[in-house]
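Shown next, in structure tokens, is the structure this report addresses.
The values are calculated or read from the model by the stated rules, or taken from the named source; none is laboratory data. Note that the structure is predicted; figures quoted are calculated from it, not measured. With ideal geometry, Cβ positions are generated from the backbone for all residues, glycine too; neighbour counts draw on all protein chains shown. Please note that ligands, DNA and RNA were not included when accessible areas were found on the heavy atoms of the full protein model with its side chains. Shrake-Rupley method; radii C 1.70, N 1.55, O 1.52, S 1.80 Å.
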Number of protein chains: 4
Amino acid sequence: MALTGVLRPGIIQLRVLDMDDAIVHYRDRLGLQEVMTGDDGRVYLKGWDEFDHHSVVLREADEAGMDLFAFKVADTETLDQLAADVAAYGFEVSDVPAGEQPGVGLRKSFEIQSGHTIQLYAEVEQAEKTPTIVNPDVWPEEPRGMGVNRFDHALLYGPDIDQVTDFFCSVLGFSVAETAETPGGIAVWLTCSNKAHDIAFVPIPDPNSFHHVAFFLEEQNHVTHAGDVMAFYDIPIDVGPTRHGITRGRTIYFFDPSGNRNEVFAGGYTYYPDNPTRSWTADQIGKGIFYYERELNEAFLSVYT
Amino acid sequence: MALTGVLRPGIIQLRVLDMDDAIVHYRDRLGLQEVMTGDDGRVYLKGWDEFDHHSVVLREADEAGMDLFAFKVADTETLDQLAADVAAYGFEVSDVPAGEQPGVGLRKSFEIQSGHTIQLYAEVEQAEKTPTIVNPDVWPEEPRGMGVNRFDHALLYGPDIDQVTDFFCSVLGFSVAETAETPGGIAVWLTCSNKAHDIAFVPIPDPNSFHHVAFFLEEQNHVTHAGDVMAFYDIPIDVGPTRHGITRGRTIYFFDPSGNRNEVFAGGYTYYPDNPTRSWTADQIGKGIFYYERELNEAFLSVYT
Amino acid sequence: MALTGVLRPGIIQLRVLDMDDAIVHYRDRLGLQEVMTGDDGRVYLKGWDEFDHHSVVLREADEAGMDLFAFKVADTETLDQLAADVAAYGFEVSDVPAGEQPGVGLRKSFEIQSGHTIQLYAEVEQAEKTPTIVNPDVWPEEPRGMGVNRFDHALLYGPDIDQVTDFFCSVLGFSVAETAETPGGIAVWLTCSNKAHDIAFVPIPDPNSFHHVAFFLEEQNHVTHAGDVMAFYDIPIDVGPTRHGITRGRTIYFFDPSGNRNEVFAGGYTYYPDNPTRSWTADQIGKGIFYYERELNEAFLSVYT
Amino acid sequence: MALTGVLRPGIIQLRVLDMDDAIVHYRDRLGLQEVMTGDDGRVYLKGWDEFDHHSVVLREADEAGMDLFAFKVADTETLDQLAADVAAYGFEVSDVPAGEQPGVGLRKSFEIQSGHTIQLYAEVEQAEKTPTIVNPDVWPEEPRGMGVNRFDHALLYGPDIDQVTDFFCSVLGFSVAETAETPGGIAVWLTCSNKAHDIAFVPIPDPNSFHHVAFFLEEQNHVTHAGDVMAFYDIPIDVGPTRHGITRGRTIYFFDPSGNRNEVFAGGYTYYPDNPTRSWTADQIGKGIFYYERELNEAFLSVYT
């Protein structure tokens, strides 16, 4: 097999302060499809270009942030093997039973060194509304709002990122696409695919911190259209539309009504595991993060949930 | 490991009728970097976004067409295992010694059912001019001509495509991203990555036939810029700029001075091996190939080298 | 004054075979705003980026085609002067009273040598829904369908185009931006503005013939998005997305349900009246019309309404 | 005539601190064509899409800034009439003889209330390298660097902008496309064409101050390509790539080696003199200037030459 092991970022569960506001934001502004509301009030959404039951879960809470980040793995054998490897690495692995999130099979859950909850799962139902399979048009319906295709990646903040990197590479088979010397230490962009990153970490002392969740768009003009949508609806933009030096992606950072940072992302190079790791030195980190501005904005390191 | 086995289309060797004309075309118009000329007169080129020594080999000959299509695999253990698997599948596997193409290690070579020569290799030197590794700009130099990033894929024509598909999937670990009912039978788009296709086959009786080699561009506007370059230099366009229904990619088909069909390609969905196979029925094949025109042009099935 | 005389193409009245189908096409697919239905059943529409009461009038009839093409002029003094000049040139000028089209003042109407009805008017009410005036967003509402900004120009077919050109230039103050040697004689692209064309004529024997009406889009990626909308809703495309050599514009030709050809158009150079006239020779006319294809399609000269 | 009076911004003369650095910047980075060096050392350049002898003049001096801004008018009768009107308005009009800038005829020169030198001229030779006239390709040569098409407009800072506006509108036939409440008073965007602005003024006490000169690009993707060129060559960016609320244009502000602010600009709505004036209130001025950021950066009001 060519694509094996961990396939992709599959599910992110976010805490939001007001569910109605959050639904307007994620469904009508980002353009995600609303799949269902669970018995416990969690709301499930997905991108129009995703096959799986859902990829974004919103949970109403008193504090914004990320509950968990779950990867879809190739199959149940892979899941069992990886769960054993994770336990052998020294993490406590617990089972989240099938159905805890509707449509999703058994999840293996564990906390990594940075304090984040990472999960793995192999089985998930297909959504009712998927990309068309027979004679597919380029979209199953006209895009709405920003028209995001899919959940793409997240950037997480926390301590012990060197150890997190070791775990992701030695146990989960990720590669380090890029590194950057940040004030708190080496930040890493990790990939399990041809994408320039599937998850990234920046070292800070606060454990289990959430910088942003990114959604994929096809091209830079979709990113600027998303910017027009943000300005039209007065959605606060952090930075952009701009380009990252790191990954080369086109980007806007903006905030959901609860203060969770979102990103729309397009482009980025095609990564292969035999590529050398790219690195950014401390004096060029500004250009690495924001290629045109060539300096970090105040909020990049200080604002997270 | 997440990306394993066959990593990518690595090298394509093409026959050209006049080397000087071919160099102008591939270097100055497509914008490939000219790496070197070998002792036997073969010319080696690569895209500015590729790390390996070369990806395109031009050989002067009396007839246009493709000599061979070689895949880079993950490592030498993978190469040995795959070579054994290919032999066990019943193909005669021969060794092409390291250095037969400068910078490239041992290649395992075999002819598949459609008559094409496919090769696998694990070792290749890095080029002198690669993408920058430390504090990389978005390109290592200003793009020239069409500014193609990299060798992306090829579409091959020949008999027994059902068997070819079986071989690629069962031995080399490829997935069938899409199929289409063509006049000669089922055409297939095969992938070993997150790309919508790494190689594709359309069934016709003529063995070992070559439809096109594709080069990757970042976005649709780069594709139309490539079209401007083609019109400016009177490079014959077959079809486009347009969009494929199959893969959703932005595309232009055009011809090199020897009559080999080239493609510039951007976009295409993100593929995962747990995605269902998309399929196109005979009555919609025109839309599948050329999404806007919704009909095949005469040349698509009849012109190949 | 810098912009004087004839300001712009203001109104086009088209004949459609089925009004319901036409409304779906022009409102939901092109994305025009439906303004009102008149007492006589005519339907009035406008682009989201237009201030005037309407720009497109649909009239149900047994045959497709164009009833009239009306230019907005600077003011009533200009209207009176131009009407006198037209009459002095030898055309019979008749009055269409204010209100014959809701919101539009007195129109001066006359038939030009090619058999088309051309009108001039100075007064028109502003629409209820205009672009925002105070702290305007980039659009007054999220674009729908193809999201066309405005009525841009038309291409008309008919006899005696040399005389038509003389009339437009010597009486209405237009300039010839480009000419092309077509089988029936010299075609002309005429402008009264910085646009590369406001109206164009191709010589054929049939009088009063209509080739297409064009709607403006901001950029090429909006043109290809329009192509995606067309493919999704099975709207027949004539040619494109492509580029014109003439004007350099990005373009798709397609058909409304009655067989009237439409165009979405973006780009084109900035024209000034001291620019030399560009010209296309007979052997390069294909490239002039369709820059990438470099040949006329069969329909360009033979299909009109 | 439809386009009459003042046709366009024709020539801007800038002061630069080091001519060699300036030539590299304007020729190799912006992609202007170098036309010639005059006997007095001034260097003349133009965009590839301009017909006139030159549009940018660089003069080496001890201080950066703008010497003069000259408009091309329709013809010599217009020039005489406008010069008389300017004198009647109360400005002292002096003659700059033909040939003072090579290829340019008699210029009428005067100082406006804000302290800037404005000139008018009717005659200018065509450049040797113009856009092609017969069977023109979309460019006369492959674009280099940012590939700017043409000199587009300037934004000037100075006192008494209300009076400047009165002069431009009542004497030169300009319209006020937009206004904005800035800390120093009402800023104005003035147009003599279908462009959203040909010249703009922001009120500050310092007379004869220069904010930026803008160069036209066809589309937003050309603007972001320009941004890539700036980052690659370490050209300092002030703001962008972003979008203006005012004019809707796509933009980057950046600096030449002497500290003169440049802009690359694409898009902007199509303006007509019967359009209402758009206005921006003090609380929304940030969004007016930078549509996505929605706040002024420090440098916008404080940095000028």
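Values for this structure:
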item: Mean Cα-pair separation over length for segment B:6-121, i.e. relative contact order, pairs under 8 Å, 6 or more apart, %; result: 27
item: Label distances, nm, B:Pro276 versus same residue in remaining copies, Cβ-directed 7 Å point; result: 4.5, 5.1, 6.1
item: Spacing of the two label points (7 Å from each Cα toward its C-beta) at B:Asp28 and C:Thr277, in nm; result: 3.6
item: Cα-only radius of gyration and Dmax that characterise segment A:152-302, units Å; result: 14.8, 45
item: Mean separation of Cα contacts under 8 Å (6+ apart) over length of segment B:172-269, as relative contact order %; result: 23
item: Average other protein chain Cβ within 10 Å of Cβ, residues A:33-39; result: 0
item: Karplus-derived HN-Hα couplings along segment D:278-286 (A = 6.51, B = -1.76, C = 1.60, θ = phi - 60°), whole Hz, x at Gly and Pro; result: 7, 9, 10, 7, 4, 6, 10, 4, x
item: List of segment A:1-26 residues, accessible area with partners at least 40 Å² below that of the chain alone (1.4 Å probe); result: A:Met1, A:Ala2, A:Leu3, A:Thr4, A:Leu7, A:Arg8
item: Under-5 Å amide H pairs with B:Ser55, H placed in peptide plane, nonlocal only; result: B:Leu45, B:Lys46, B:Gly47
item: Listing of segment C:117-139 residues, each with accessible area lower by at least 20 Å² in the full protein assembly than in the chain alone (probe 1.4 Å); result: C:Gln126, C:Ile133, C:Val134, C:Asn135, C:Pro136, C:Asp137, C:Val138, C:Trp139
item: D (Stokes-Einstein, µm²/s), Kirkwood Cα radius, chain C, 1.002 mPa s at 20 °C; result: 110
item: Solvent-accessible area of C:Lys72 with every protein chain in place, 1.4 Å probe, in Å² to the nearest 10; result: 10
item: Computed accessible area, C:Cys169, all protein chains, 1.4 angstrom probe, square angstrom; result: 40
item: Interface B:A - total buried accessible surface [probe 1.4 Å, Å², rounded to 100]; result: 4900
item: 37 °C / 0.692 mPa s Stokes-Einstein diffusion coefficient of segment B:112-230, Kirkwood radius on C-alpha pairs, µm²/s; result: 199
item: Mean separation of Cα contacts under 8 Å (6+ apart) over length of chain B, as relative contact order %; result: 17
item: Rg and Dmax of segment D:6-121, Cα atoms only, in Å; result: 14.6, 44
item: Using θ = phi - 60° and Karplus 6.51 cos²θ - 1.76 cosθ + 1.60, couplings along segment D:5-22 (whole Hz; Gly, Pro as x); result: x, 7, 8, 6, x, x, 9, 10, 10, 10, 9, 10, 7, 9, 5, 4, 4, 5
item: Å² per residue, accessible surface of chain C at 1.4 Å; result: 31
item: Residue-averaged beta-carbon neighbours from other chains (10 angstrom radius) around A:286-299; result: 3
item: Helical contribution to [θ] at 222 nm, DSSP H n ≥ 4, -39,500 (n - 2.57), averaged over chain D, rounded to 500; result: -4500 deg cm²/dmol
item: Whole-Hz couplings from phi, Karplus 6.51/-1.76/1.60, listed for segment D:88-100; x for Gly and Pro; result: 5, 5, x, 8, 7, 9, 10, 9, 9, x, 3, x, 4
item: Cβ-derived FRET efficiency at R0 35 Å, D:Asp18 paired with A:Asn297, nearest 0.05; result: 0.65
item: Amide H contacts under 5 Å for C:Phe255, placed H, 5+ residues apart; result: C:Asp238, C:Asn262
item: Choice from B:Val35, B:Val138, B:Val188 with maximal GNM fluctuation in chain B (Cα, 10 Å cutoff); result: B:Val138
item: Alpha-carbon centroids, segment D:32-101 and segment A:1-27: separation in whole Å; result: 59
item: Within 10 Å of each Cβ in B:140-148, the average number of Cβ atoms from other chains; result: 2
item: Listed residues D:Met230, D:Ile246, D:Ile204: farthest to the positive end of the dipole of segment D:152-302 (Cβ charges); result: D:Ile246
item: Total charge dipole magnitude, segment D:152-302, about the Cα centre, Cβ charges on Lys, Arg, Asp, Glu only, Debye to nearest 20; result: 300
item: Cα centroid separation - segment A:119-155 against segment A:239-264, whole Å; result: 20
item: Sequence ranges D:76-89, B:150-163, ranked by mean other-Cβ count within 10 angstrom, highest first; result: B:150-163, D:76-89
item: Segment B:6-121, accessible surface, carbon-and-sulfur percent (1.4 angstrom probe); result: 43
item: Cβ charges +1 (Lys, Arg) and -1 (Asp, Glu), total dipole of the protein assembly as shown, debye; result: 0
item: Percent breakdown of C-alpha pair distances by 10 Å bin, ordered from the shortest bin, for the protein assembly as shown; result: 2, 9, 17, 22, 21, 16, 9, 4, 1, 0
item: Residues in segment C:205-239 that, when all protein chains are in place, have 40 Å² or more less accessible area than the chain alone would give (probe 1.4 Å); result: C:Glu218, C:Glu219, C:Gln220, C:Asn221, C:Thr224, C:Asp228, C:Ala231, C:Phe232
item: Placed amide H near C:Arg15: partners under 5 Å, 5+ positions off or other chain; result: C:Arg59, C:Gly65, C:Met66, C:Asp67
